[in-house]
Amino acid sequence: MSEHVVHPVPEEWAKNALIDAETYAEKYRRSVEDPDGFWREEAQRIDWIKPFTKVNESSFDEDDFRVRWFEDGTLNLSANCLDRHLPEKAQDVAIIWEPDDPNTPNRIITYSQLHADTCRFANALKANGVKKGDRVTIYLPMVPEAAVAMLACARIGAVHSIVFAGFSPEALCGRIQDCQSDIVLTADEGLRGGKKVPLKANVDAALEKVPVRRVIVLHHTGADVPMVEGRDVWWYDEIEEQNAQCEPEEMGAEDPLFILYTSGSTGKPKGVLHTTGGYAVWTAMTHEYTFDYRPNQVYWCAADIGWVTGHSYVVYGPLANGAITLMFEGVPNYPDFSRFWQVVDKYQVEIFYAAPTALRALMREGDEWVKKTCRKSLRLLGSVGEPINPEAWEWYHKVVGDGRCPIVDTWWQTETGGHMITPLPGATDLKPGSASMPFFGVQPAIVDPASGEVLEGACEGALIITDSWPGQMRTVYGDHERFFQTYFSQYPGSYFTGDGCRRDEDGYYWITGRIDDVINVSGHRMGTAEIESALVEHDKVAEAAVVGMPHDIKGQGIYAYVTTTAGTEDTEELRQDLIQWVRREIGPIATPDVLQFAPSLPKTRSGKIMRRILRKIAANDTGNLGDTSTLADPDVVEHLLANRPG
Ligand code: 6R9
């Protein structure tokens, strides 16, 4: 069993790391026994305009429900990411930008330049009528201007809502509508793996249904895109006349910083809202300790800014720490399967952080692509977004890291703002596949999903967190009741993560994956309900049920069962149409891997779809379908089994 494989902390790490095993134990103990004192000190890593006096005032109880940290303090996060570094490191590199095409010139941006660019764009936003508290939708590719846009919003107190540039016009439209934003920042086109992504055209399509006041368009590929008179303006025209100084707005610790939509088990994606002070402390602190970050190291998080990982670990955490953060526009397999490692060599990257799905895809192509690069600069590797299987872990460790680099397998969520359960490289012996131990201040517990009873010792169940931490989300934008219901109603007094988890006899946590109706495709969260509702919007679909299925590369794939309307012929052409339909409605990441026509779905007598059975059929795990006695019509299952595609 992989559980018994242990990679001890390498000696030089135990000696030189910021946090060794002893420090971890001592600091963790203090973080839970004296949280007030602990956080008062840790929060000093952030520059406060007005110091806070109150620390944690959160309560997970229904009567008194609130999440609040450092509430009476004020600060500006853009000033923390930029201005405060200027006296010492104005000419130091803040962002290295590596373009999709290795032959396109790269960009190296210093803190002084990033400060000026941010101020100019912040002034441009103001000139375009954006005020404190306004929501700004960002639909940009992985270019430095995306970071500039985020920091500019933070500077003037506007709330950004980034929509991943791979999402469809439909998805974009829903997100603009939900947060009532009246300004969109986009580019003519994005570029990924040599392919163009029609961002401006997608925005135009989205805005047919939800008009906005202003669209600011970045010239990126130079494509000829139509501009709507009176609505659309060019980014460079807007900043041309702007001053390179912009006074940062004094923000309350609990003033909103951003909204990021994420999929849940029911309904439409939720607008996860993060505020300023606690998030700043949490991202800066986790970035420093988890990655053992030291000044002047080149750090690369390969996530897109459209996901929370990009927010916390491409932009805010690293920049708050004055780090060199690498932003990569491209994909791991373009121009070839060596690209990641070529980029590592090109910039002498020391810390590399990516999702298991990318690693599994590269692993499949063979070791040669890795071995023909040097990678001597690497000292630490990270994993995020989904469970990493021990095979991929060992490959990452042995082949990519030449057996030299610890791997930090960081478990966290959009909702948690930053790392929650993770090894610290100088403190934690590693077990491949385990996210290992809680970060400072994080109090995980495992409960029996049925009874809600807290389990002790080695056990398996649902993962909850029993007290607040500074980086926690504060609400679902516009629906505080949904925030409570979604996360705090199942196990009263605790935050429910939606994940299953095992704890071994050494106290290591092993995340087993989602136990709600959320599937994790290539590290991206998809709600099965979202895909189902896209399917039933098609006029030939009467009913749909979507489940996850095991997938070698993506971790989970999407398996859709579709009942068509009476009189419809279930043709191959319709099957392909429906697959494309979902892709168009939500985006390429939601494309079903398998779509099976189901004349009817397995239901209980009360009409509930039995997803457990659908999951088994999708996994081809049909030897043991479990209890089928409650099925209204057992023949339905036989029919689905006999007609499983492929
Ligand atoms: C950061 C991020 C959150 C869900 C989470 C869990 C899965 C993330 C993981 C992991 C096992 C890890 N997840 N990291 N599972 N090990 N190291 O990915 O946020 O997009 O909100 O997804 O991803 O299932 O609940 P988000």
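The values are calculated or read from the model by the stated rules, or taken from the named source; none is laboratory data. Just so we're clear, the structure is a prediction, and the values are computed from it rather than from any experiment. Cβ coordinates were reconstructed from backbone atoms using ideal geometry, including for glycine residues, and neighbour counts include every protein chain displayed. These area figures cover heavy atoms from the full protein model, side chains too; ligands, DNA and RNA do not enter into them. Shrake-Rupley method; radii C 1.70, N 1.55, O 1.52, S 1.80 Å.
Calculate log10 I(q)/I(0) of the range 522-643 for q = 0.18, 0.19 Å⁻¹, where I(q) comes from the Debye formula with a single equal point scatterer on each Cα and nothing for solvent.
Normalising to I(0) and taking log10 leaves -0.96, -1.06.
Can you give me the C-alpha center-to-center distance between the range 545-579 and the range 427-447, rounded to a whole angstrom?
37 Å
In terms of modelled amide H atoms, which long-range or inter-chain residues lie less than 5 Å from the amide H of T512?
Counting only residues 5 or more places away or on other chains, the set is G500, C501, R502.
What value in Å³ per residue do you get for the convex hull of the alpha-carbon atoms in the range 174-248?
Values: hull volume 10.4 nm³, N = 75.
About 139 Å³ per residue, rounded to a whole number.
If you count the DSSP beta bridges with both ends in the range 522-643, what percent of them are antiparallel, to the nearest 5? If you can, show how the numbers build up before the last one.
Numbers: 12 of 16 bridges.
Restricted to the range 522-643, the bridges split so that about 75 percent are antiparallel.
Expressed in whole Å with the largest first, what are the equivalent ellipsoid semi-axes of the range 327-409 derived from the C-alpha gyration tensor as the square root of 5 times each eigenvalue? Numbers along the way, then the final one.
Values: eigenvalues 55, 42, 33 Å².
They are 17, 14, 13 Å, listed from largest to smallest.
Just to confirm the filter: which GluC sites (Glu not before Pro) across the range 513-590 are DSSP coil and have at most 14 other Cβ within 10 angstrom of their Cβ? List each step's numbers first, then the result.
Details: sites: E530, E532, E537, E543, E569, E572, E573, E585; in loops: E537, E569.
Answer in residue order: E537, E569.
Across the range 198-213, in residue order, what do the Karplus-derived ³J(HN,Hα) couplings come to in whole Hz, using 6.51 cos²θ - 1.76 cosθ + 1.60 with θ = phi - 60° and x for Gly and Pro?
The phi angles translate into x, 5, 5, 4, 5, 4, 4, 5, 4, 6, 5, 9, 9, x, 10, 7 Hz.
By DSSP, what percent of the beta bridges with both residues in the chain are antiparallel, rounded to the nearest 5?
Numbers: 58 of 97 bridges.
Here the share of antiparallel DSSP bridges comes out near 60 percent.
Over all distinct Cα pairs, what is the inverse of the mean 1/r for the range 98-170, reported as the Kirkwood hydrodynamic radius in Å? Each step should come with its number before you reach the end.
Values: mean 1/r = 0.0750 Å⁻¹.
For the range 98-170, the Kirkwood estimate is 13.3 Å.
So if I place +1 on the C-beta of Lys and Arg and -1 on the C-beta of Asp and Glu, and nothing else carries charge, what would the dipole magnitude of the range 59-171 be about its Cα centre? I want it in debye, nearest 20.
Working: 11 positive and 16 negative charges, 121 e Å.
For this selection, approximately 580 debye.
Would you mind working out the accessible area per residue for the range 562-646, using a 1.4 Å probe, and quoting it in Å²? Write down the numbers at each step before the final one.
Working: 4530 Å² over 85 residues.
Per-residue accessible area for the range 562-646 comes out at 53 Å².
Within a Cβ distance under 9 Å of N56, other residues only, what is the Lys/Arg minus Asp/Glu net charge?
Working: positive: K54, R68; negative: D36, E57, D467.
In short, -1.
Counting Lys +1, Arg +1, Asp -1, Glu -1, what net charge surrounds K195 among other residues with beta carbon under 14 Å of its beta carbon? List each step's numbers first, then the result.
Numbers: positive: R192, K196; negative: D100, D101, E189, E329.
Taking every other residue near K195 into account, the sum is -2.
Take Q413 and D621, extend 7 Å from each Cα along the Cα→Cβ direction, and tell me the distance between the two endpoints in nm.
2.1 nm
Restricting attention to the chain, give the cysteines that have no other cysteine Cβ less than 4.7 angstrom from their Cβ.
C81, C153, C173, C179, C301, C374, C405, C459, C501 - these cysteines have no disulfide-compatible partner (Cβ-Cβ under 4.7 Å) in the chain.
Counting other C-beta atoms within 10 Å, and keeping those with at most 16, which DSSP coil chymotrypsin sites (Phe, Trp or Tyr not before Pro) do you find in the range 29-127?
F65
Quick query: amide H of D409 versus all other amide H atoms, modeled in the peptide plane; which residues come in under 5 Å with a sequence gap of 5 or more or a different chain?
So D409 has HN proximity to S383.
Rounded to a whole number, what % of the accessible area of the chain do carbon and sulfur atoms account for, probe 1.4 Å? Please report the intermediate quantities before stating the final value.
On the way: 11670 of 24210 Å².
Here carbon and sulfur together make up 48 percent of the probe-accessible area.
For R404 and Q44, what does the FRET efficiency come to when R0 = 41 Å and r is the distance between their Cβ atoms, rounded to the nearest 0.05? Please report the intermediate quantities before stating the final value.
Details: r = 34 Å, r/R0 = 0.83.
Here the calculated transfer efficiency is 0.75.
If r is the Cβ-Cβ distance from V32 to S265 and R0 is 41 Å, what FRET efficiency results, to the nearest 0.05?
Values: r = 30 Å, r/R0 = 0.73.
Between V32 and S265 the formula returns 0.85.
Output wanted: per-residue J couplings in Hz (rounded whole) for the range 440-448, from phi through Karplus 6.51 cos²θ - 1.76 cosθ + 1.60, θ = phi - 60°, x for Gly and Pro.
For the range 440-448, the Karplus curve yields 3, x, 8, 10, x, 8, 10, 10, 5 Hz.
Using Cα pairs under 8 angstrom and six or more residues apart, how large is the relative contact order of the chain, in percent? Mind dumping the intermediate values first?
Working: 1422 pairs, mean separation 88.1, N = 646.
Value for the chain: 14 percent.
Can you tell me the dipole magnitude for the chain around its Cα centre, using point charges on the Cβ only (Lys, Arg +1; Asp, Glu -1), in Debye to the nearest 20?
On the way: 62 positive and 95 negative charges, 143 e Å.
It works out to roughly 680 debye.
Just to confirm, what accessible area per residue do you get for the range 202-286 at 1.4 Å probe, in whole Å²? It would help to have the intermediate numbers written out before the result.
Numbers: 3550 Å² over 85 residues.
About 42 Å² of surface per residue is accessible.
How large is ³J(HN,Hα), in whole Hz, for each residue of the range 251-262 in order, when computed from phi with the Karplus curve 6.51 cos²θ - 1.76 cosθ + 1.60 and θ = phi - 60°, using x for Gly and Pro?
Once rounded to whole Hz, the list reads 10, x, 4, 9, 6, x, 9, 7, 10, 9, 7, 9.
Which order do you get for K89, K398 if you rank them by accessible area with a 1.4 Å probe, largest at the top? Intermediate values should be presented prior to the final figure.
Details: K89 30, K398 145 Å².
Output order, biggest surface exposure first: K398, K89.
Report the charge-dipole magnitude of the range 522-643 in Debye, nearest 20, computed about the Cα centre from +1 at each Lys and Arg Cβ and -1 at each Asp and Glu Cβ.
Working: 13 positive and 18 negative charges, 110 e Å.
Charge dipole of the range 522-643: 520 debye, to the nearest 20.
Mark the label point 7 Å from the Cα of R213 along Cα→Cβ and return the residues of the range 124-140 whose backbone N is within less than 17 Å of it.
Residues passing the 17 Å test: 124-138.
Report, to one decimal in Å, the Kirkwood hydrodynamic radius for the chain based on all distinct Cα pairs.
Details: mean 1/r = 0.0393 Å⁻¹.
It works out to 25.5 Å.
Run lengths n ≥ 4 of DSSP H only: what is the helix-derived mean residue ellipticity at 222 nm for the chain, with -39500 (n - 2.57) per run over all residues, to the nearest 500? Write down the numbers at each step before the final one.
Working: 21 runs with 185 residues, N = 646.
Theoretical 222 nm ellipticity from helices: -8000 deg cm²/dmol.
Taking amide hydrogens as modeled 1.01 Å from N in the peptide plane, which residues meet the under 5 Å criterion relative to I162, leaving out close sequence neighbours?
I138, I259
Alpha carbon centre of the range 597-617 versus the range 229-251: separation in Å?
54 Å
If you stretched the chain out fully between V536 and A566, how much longer would it get, using 0.36 nm times the residue separation minus the C-alpha to C-alpha distance? Please list the in-between numbers first.
On the way: separation 30, 0.36 × 30 = 10.80 nm, distance 1.38 nm.
Result: 9.4 nm gained on full extension.
So how far apart, in nm, are the two label points at A205 and I553 if each is 7 Å from Cα heading toward Cβ?
Between A205 and I553, the label points sit 2.4 nm apart.
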